[in-house]
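The values are calculated or read from the model by the stated rules, or taken from the named source; none is laboratory data. The model shown is predicted, which means the values in this text are computed figures rather than measured ones. Cβ sites come from the backbone with ideal geometry, for glycine too, and all protein chains shown count toward neighbours. In case anyone asks, the SASA skips ligands and DNA or RNA and just uses the protein heavy atoms, side chains included. Shrake-Rupley method; radii C 1.70, N 1.55, O 1.52, S 1.80 Å.
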Amino acid sequence: MTVREKGYTHWEGELKESRWVWFPLTRLGIKMAFQKRFFKLFYFSTFLPALIFLAGIYISERLEDFRFMLRGSPAFLKITPNYFKIYLSNSLFLFILVLVMIFVGGGLIADDLRFNALQLYFARPLRKIDYVIGKMATLSFFILLLSLVPGVLFILFKLLFAGNLVFLRHYPWLPLAVVGYSLVLTLFFAAYALALSALSRNNRYASLMIFGVYFISDIIFNIFYQNFHHPYLVLLSLKLNLQQVAAGLFGLSPPYAVPWSLSLGVLLGLVFLAFVILQKRIRSVEVVK
Amino acid sequence: MAIRSLSRQPSGVFWASWRDVFKFYFFLGTHSRRPKLFFLLSLVPLAMAIIFKGSQIIYGYPRFSGLFIYSNMIMMFFLQFLILLLTLFFGTSVCREEVEGKTLPYIVTRPLHKIAFLLGKYTAYTLLVSIMIIFSLTLSFIIMNLDRLGDLSLYKVLLRDGGVLLLGIWCYAALFTFLGVIFKKAIFFGLLFSFGWENIIQYFPGKTQKLAVVHYLKSLLPPLSQEGFPFLLFRLEPTPRGEAILILLGLTFFFLGLSCALFAGKEFIIEA
Amino acid sequence: MEEIKALELKNVSYAYGRIPALREITLSVDKGPIGLLGPNGAGKSTLLRLLLGFLSLQKGEARVMGYDVAQETRRVRQIVGYMPEDESYIPGIDGVTLTALLGELAGMPRQEAMKRAHDVLFYVGLGESRYRLVDTYSKGMRQRLKLAQALVHDPQLLLLDEPTSGLDPQGREEILALIKDIAAHGVQVLVSSHILPDIEETCQEVIILHQGRLAAQGNLQQLKQLDFSLYELKLKGEAEGFLAKLQQQGCRLEKMEEGFWRLYLPSQLSARVIFKLAVEEKVQIRHFVRSQSRLEDLFAQVVGEEE
Amino acid sequence: MRAVVQTEKLSKYYGNVLGLSDVSVTIEPGVVGLLGPNGAGKSTFLKLITGQLKPSLGEVKVFGQPVWNNPHIFHQIGYCPEIDAFFPDLSGWQFLKEMLRLHHFPEEEARRRAEEVLKFLHLFGDKDRLIRSYSRGMRQRLKIAQAIAHEPQLIILDEPLNGLDPLGRRKVIRLIRRLGEKGQTVIVSSHVLPEIEAMTKRIILIHQGKIFAEGNIHYIRDLIDTHPHIISIKCDRVRELAAALVKEPEVIKIFFTPDPQEIQVETQQRDIFFDRLQQLILQLDLQVEAITSPDDNLQAVFDYLIGEK
């Protein structure tokens, strides 16, 4: 007979250095977001616009059947890149993303700072960049699910409903634009929310800032624009920068007569700033001098 | 055993508590980091004013009068954004800050009347917000009207606007103090209220708009020009001035009273 | 073959801004449980943080289990388990998820990490509460959780920063028993503490820090050798005569509390004297312990009591 | 002597979680140790007598008055919380002075007292540093400072020795004893037994929300003296000693332990036993290493009352 040895047991296995070390963090972040019942409800309701747009695509292929509803304005239902741009950059959609960031992103780093969790993470072979990637991937998951996934589905369904590839032949670059713009959205919002979350140890102040900075930039733009009517002022507004970039990537003329690449530059600059903040704020130990 | 201070008058303790709590939190508010950030935020309109005026002086543009820009844009920024954000932070802080920072035990084991504590801290924080806002408002006003500072009738506008903002600050802060006493997630509810409810309800026709605090504040201001933000303006059906002031004060007292009653009776369990 | 040292420091200094935390520390310790001792603010936590690479070395060299801290930080972190001093946890998840997550981050496959998380939680005595949210854990449970997460990847070296702080006697005994058991199973343990009996109970080697300097280092038994023997006595009966006679023999006496005395017996005298005098003076010795000169005295001797 | 704290069937429930149950005690001036394992209800008890919590059942009186929502009484109470939390961005000096100001002391007096107590606790040199940069021990002392600075009659310290190094501990223990000698009432909670023993003889044992025992340590000791007493002896030639002890009528049992140098003896008549033991040591010329009573410390009392033995 063998008796199990008492006391501490060793683990028979080998630790591996994986390139995906950050993945468990991402998984945890997603899991924790869905633990909040209110968030689940809210997040699923944010797919409503996507469903409506999907219905629009269906109707566009069956215009004959729905003629009674349209009352002579079928132009709306012409599926062009503009249709995609509207879905992916309308103000409500961007506002929803801000709310998602508040819900998921507000505490993502702030809570770790508050409960001293960083020292637990960094006592493992985890680099700062892994940590940031893990957290960003969490946010990206939620953003991509709302942007990239519906965008790609729209194209697929358009082709399915039409039963031919005419649409793609007209706009062969459209899938690329959808992917590219989704990535810009993701990169910007994830970096923005993380940086603000890292600035405070308090989840709620972080949330307040994620909300406040986004809106203040837009209000300031509005006030200035009322007075100066200078199109370059759009660079002040986070929302409009995103919309400019959307228009640019979808091959449309931007709402304001400013090269969209400038807006892209502003957004990338902010992303860079966000990384600088993250670099400064994420430390395994807080050192007070 | 002689118990030295037990013989003091209860009302004396109440006022002394209020005074000392007020002093302490005013001191704390001016010595911590977080409020400083909000002070910077409160200076945003001032920066805007400087840019506008500078541009007007140098380029003669924008062509609107200083007063117009001030009352249609800068003042609205204060009213519909800034004071909400600031009171949301400071109002919910009155109670939440102590619970989250776990400093409540230091306070409740001092000879302080609980209601006086709440009122004292509320007074300190709202005064802090008021000072920030009035400071920024006055400077913005002066800068925007640099060309006609001699016109005394102008200052009536400033006084009125200042008064409206103060009423707004004290009322919102009372409301958010109340939210802070009852909810753990006070900020979320506060955000929903300020930028959801307040923003939408005020544009509803008929009596519905009277359910928003901002309705009464706007009733105290002259109707805005259509040129500024046309979308902001439809269908304000103002409440008479006196009534509006009374309702704002009433709301302030109502929410403060409710907060006090709840705070005095509530236990906050602070885990080690 | 040369035996790998558990710890090797050469001229290690560290300062927070202008405030020096560690000054010119050079030492090398063989394997075996190590105690890191010193008053609050002596630099213990700073040293641990340097060993983990949380702070980067400003001066000097440090090796942990043969790995260079500055050059092979990731390797060091893989073989080290760290139990931090302050309260730290990831809010909103249960104990087993937290432990498994940290195991996975250390490089364990996911299923293995989960299995091992259950094992270590049982081992530290959190078996029944492993599915509870860590936010609802009591202080003692959080302490155990911190130990569990440090053990999950079966480290070669376990760094424990104040492992018993805030625990009740039972909890403390249990944690110390765990530490001893872990050390007995071949894990190199380093306990940082200012609680002397903790170190006395678990360690052989000791490093004493004071104001950032190395105050003493070596084998605990040897460090405790002094030129007198120290006894702790509890007396019953009229003790004056007995105590006076002891003093005549050249003993130093120190009153601890009611009925308790500390007796410093010069090395030339035998303990028999004590019993002889006790019988003569009709005093009962109810408690008699040859103390190895308590670490506390050693500490006071090395560090000097500021008053 | 007059009762400082008096509770009558005091109970506290958090929802359906038990915090404290049916506690009736009277605490008089001097130092009282409140002992119990983590989660026993010590903090709940201290929070109830400092009016931070409202009793679910029963009542608390401090200086003969209720405490819940009775602010005046706090002139005479000093409380040091267990939590390591402070107001952000203040220096030690500012914190202390402001806390004194909340006692309605005029500025001058607040300064004087803050200065005094900082010196008293050896924090004066660091008074202008931010509390955030204090070490754990300094923060602990600062918390004690704010509890005693207004010279209250009743001082309540929740785990004041947590996080202190030995020297810090000695100082605080000495301080607490001195406060007790001055006639102040000090209630100290702790789970570190030797430290409570070093501070006071009067203890209240609390476990599972109930008071298990109350009074003098020795009194409690005597209470459980009815059960046989075990004495452990470590010396050379233990078997010779055992052989001699077997003949003694007061010895009930002799155990041999895995340690070849140790025996344990059970007796019901300690007085006779210790006399005989000393004589035997001299007769047999034994080299004694230790004589201890494994169950003569607080821990044993504790275990016994809780029923673990």
(request) Extending each Cα 7 Å along its Cβ direction at B:Thr30 and A:Ile129, get the distance between those two points in nm, one decimal. (result) 4.8
(message) Give me the inter-chain shielding for A:198-211: mean count of other chain Cβ atoms within 10 Å, whole number please.
(response) 4
(message) Could you give me D for chain C, from Stokes-Einstein at 20 °C and 1.002 mPa s, where the hydrodynamic radius is the Kirkwood radius over C-alpha pairs? Units µm² s⁻¹, please.
(response) 99
(message) What do you get for the angle between helix B:10-31 and the principal long axis of chain B? Use alpha-carbon atoms, 0 to 90 degrees, nearest ten.
(response) 50
(request) Send over the per residue convex hull volume for the range D:42-128, Cα only, as a whole number of Å³. (result) 125
(request) With label points built 7 Å along Cα→Cβ from the Cα atoms of C:Glu238 and A:Glu14, find their separation and express it in nm. (result) 7.9
(request) Return the Cα extents of the protein assembly as shown along principal axes one, two and three, sorted largest first, each rounded to a whole Å. (result) 120, 78, 54
(request) Within 10 Å of each Cβ in peptide D:61-69, how many partner chain Cβ atoms are there on average? Round it to a whole number, please. (result) 2
(message) To make sure I understand the rule: partners must be lysines, Cα under 17 Å from the Cα of B:Lys156, and not fewer than 8 residues away in the same chain. Which ones qualify?
(response) B:Lys218
(request) Using R₀ = 35 Å, calculate the FRET efficiency as 1/(1 + (r/R₀)^6) where r is the Cβ-Cβ separation of C:Glu173 and D:Glu240; round to 0.05. (result) 0.55
(request) Give the angle, between 0 and 90 degrees and rounded to the nearest 10, that separates the Cα long axis of helix C:169-184 from the longest principal axis of the Cα atoms of chain C. (result) 70
(request) Give the accessible area for B:Arg33 in Å² (nearest 10); use a 1.4 Å probe, count only protein heavy atoms, and leave out ligands, DNA and RNA. (result) 140
(message) Before I look further, what does chain A give for accessible area per residue, probe 1.4 Å, in whole square angstrom?
(response) 47
(request) Per DSSP H run of at least 4 residues, take -39500 (n - 2.57); add these up for chain A, divide by its residues and hand me the 222 nm value, nearest 500 deg cm²/dmol. (result) -22000 deg cm²/dmol
(message) For a Förster distance of 41 Å, can you work out the FRET efficiency between the beta-carbons of C:Gln249 and C:Gln211, rounded to the nearest 0.05?
(response) 0.60
(request) Return the value, in Å² to the nearest 100, of accessible area buried between chains B and D (probe 1.4 Å, both sides summed). (result) 4100
(request) Give C:Lys139/D:Lys143; D:Lys127/D:Lys182; D:Lys143/D:Lys201 a once-over and call out the pairs whose C-alpha atoms are over 22 Å from each other. (result) D:Lys127/D:Lys182; D:Lys143/D:Lys201
(message) Let me make sure I get this right: for the range A:14-54, a, b and c are the square roots of the gyration tensor eigenvalues over alpha carbons, sorted descending. Under 1.5 in a/c it's rounded, otherwise prolate if a/b > b/c, else oblate. Which is it?
(response) oblate
(request) Averaging sequence separations of C-alpha pairs under 8 Å and six or more residues apart, then dividing by the length of chain C, give the relative contact order as a whole percent. (result) 18
(message) Are there any residues in the range C:120-146 with a reduction of at least 20 Å² in accessible surface when going from the isolated chain to the assembly of protein chains? Probe 1.4 Å, please list them by number.
(response) C:Tyr123, C:Lys139
(message) Calculate the FRET efficiency for D:Glu59 and D:Ser133 from the Cβ-Cβ distance with a Förster distance of 41 Å, rounded to the nearest 0.05.
(response) 0.40
(message) Set the bar at 19 Å for Cα to Cα. Now go through D:Lys12/D:Lys61; A:Lys16/C:Lys180; A:Lys128/A:Lys239 and name every pair that lies beyond it.
(response) A:Lys16/C:Lys180; A:Lys128/A:Lys239
(request) Could you sort the residues of the range B:108-123 by number and keep only those whose accessible area is reduced by 40 Å² or more in the all-protein-chain setting relative to the chain alone, 1.4 Å probe? (result) B:Val108, B:Thr109, B:Arg110, B:Pro111, B:Lys114
(request) Check each residue of the range A:19-50 and keep those whose accessible area, probe 1.4 Å, is at least 40 Å² smaller with all protein chains in place than in the chain alone; give them in order of residue number. (result) A:Pro24, A:Arg27, A:Leu28, A:Met32
(message) Sort A:12-21, D:241-250, A:97-106 by packing, meaning the average of other beta carbons within 10 Å per residue, with the highest value first.
(response) A:97-106, D:241-250, A:12-21
(request) Any chance you could list the semi-axes, whole Å, largest first, of the equivalent ellipsoid that the Cα gyration tensor gives for chain D, using √(5λ)? (result) 45, 24, 16
(request) Please list, or write none, the aspartates and glutamates whose alpha carbon is within less than 12 Å of the alpha carbon of D:Lys54, excluding same-chain residues fewer than 8 places away. (result) B:Glu267
(request) Evaluate the Kirkwood expression for the hydrodynamic radius of the range A:23-283, namely the inverse of the mean inverse distance over all pairs of different C-alpha atoms, and round to one decimal in Å. (result) 19.7
(request) Go ahead and set up a Gaussian network model of chain B, Cα springs under 10 Å, then flag whichever of B:Ser194, B:Ser259, B:Ser55 fluctuates most. (result) B:Ser55
(request) Indicate the helices, whole DSSP H runs only, in chain A that combine a mean Kyte-Doolittle hydropathy of -0.5 or more with a Cα extent along their long axis of 27 angstrom or more. (result) A:128-146, A:174-199, A:203-228, A:260-281
(message) If you take each beta carbon of peptide D:31-44 and count the beta carbons of other chains within 10 angstrom, what is the mean?
(response) 2
(message) Give the aspartates and glutamates whose C-alpha is closer than 14 Å to that of D:Lys210, dropping any in the same chain fewer than 8 places away, or say none.
(response) D:Glu8, D:Asp22
(request) Express the accessible area of the range D:5-224 per residue in Å², computed with a 1.4 Å probe while the remaining protein chains stay in the model. (result) 33
(request) Over the protein assembly as shown, with every protein chain in place, what whole percent of the accessible area is carbon and sulfur at 1.4 Å, could you tell me? (result) 59
(message) With every protein chain left in place and a probe of 1.4 Å, what is the accessible surface of B:Leu104, to the nearest 10 Å²?
(response) 10
(request) With springs only between Cα atoms under 10 Å apart, run a GNM on chain A and tell me which of A:Asn203, A:Asn116, A:Asn227 wobbles the most. (result) A:Asn227
(message) Give me the summed buried accessible area for the C-A pair, 1.4 Å probe, to the nearest 100 Å².
(response) 4100
(message) Restricting to DSSP H runs of at least four residues, report the calculated mean residue ellipticity at 222 nm for chain C, -39500 (n - 2.57) per run over all residues, nearest 500 deg cm²/dmol.
(response) -10500 deg cm²/dmol
